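The structure under discussion appears below in the form of structure tokens.
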Amino acid sequence: MLAYQFRFIDEIGQPTGYCGVVFGMNKKELFWEIDCFGNPNAVEVKTATAGGFCFRVIELDNDELEQTKIELNDPIVLSRSKWRKPEWPDDIYK
């Protein structure tokens with residue numbers, strides 16, 4: 001299993017403030033997981049070594065779910081080092 005921290009960057013390579021964590025069995029899966037949030041070609045990544053998050057899901061009477069505030073245990077936003085442009089596989093769109 002691979003885990004990446006990612007952050008979106010703008011046209012000039014500056015962080016936009018949006019970041020996250022994805023998990024997958026290979027880089028192709030990581031690419032498509034990031035794609036759920038935005039353009040995977042407009043990110044910087046680094047390998048996640050530790051961290052976590054927790055949130056509460058409440059089931060409502062109408063069979064809908066409500067999510068509470070997310071709590072993070074990960075310095076993803078605070079760390080400014082080791083970010084790199086990802087090298088996605090050549091067959092990413094196949």
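The values are calculated or read from the model by the stated rules, or taken from the named source; none is laboratory data. A quick note: this is a predicted structure, and the numbers were derived from the prediction, not measured. Reconstructed Cβ throughout: ideal geometry from the backbone, glycine too, with neighbour counts over all protein chains shown.
Some values worked out for this structure:
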{"item": "Listing of strands (runs of 3 or more DSSP E) fully contained in segment 1-75 that carry 1 or more residues being in contact with a strand residue (DSSP E or B) (Cβ under 8 Å, 6 or more places away or on another chain) and more than 30 Å from residue 94 (Cβ to Cβ)", "result": "15-24, 57-59, 65-67"}
{"item": "Among residues of segment 1-21, those that are acidic (Asp, Glu) and touching a residue at least 12 places away in the same chain (Cβ under 8 Å), counted", "result": "1"}
{"item": "Selection count where residues are under 14 Å from the mean Cα position of the chain (by Cα) and either among the acidic types (Asp, Glu) or surrounded by 13 or more Cβ atoms within 10 Å (Cβ to Cβ) (or both), scope segment 42-67", "result": "7"}
{"item": "Output for segment 37-52, where each listed residue is more than 9 Å from residue 7 (Cα to Cα) and small (Gly, Ala, Ser)", "result": "38, 48, 50, 51, 52"}
{"item": "Residue check for residue 24: without any contact (Cβ under 8 Å) to a residue 60 or more places away in the chain and out of contact with any Phe, Trp or Tyr (no Cβ under 7 Å at 6 or more places or on another chain)", "result": "yes"}
{"item": "Residue in segment 42-64 that is out of contact with any Lys or Arg (no Cβ under 9 Å at 6 or more places or on another chain) and at pLDDT 95 or above present", "result": "yes"}
{"item": "Residue count for segment 1-26, restricted to those that are crowded, with 17+ Cβ neighbours inside 10 Å and over 13 Å from the mean Cα position of the chain (by Cα)", "result": "0"}
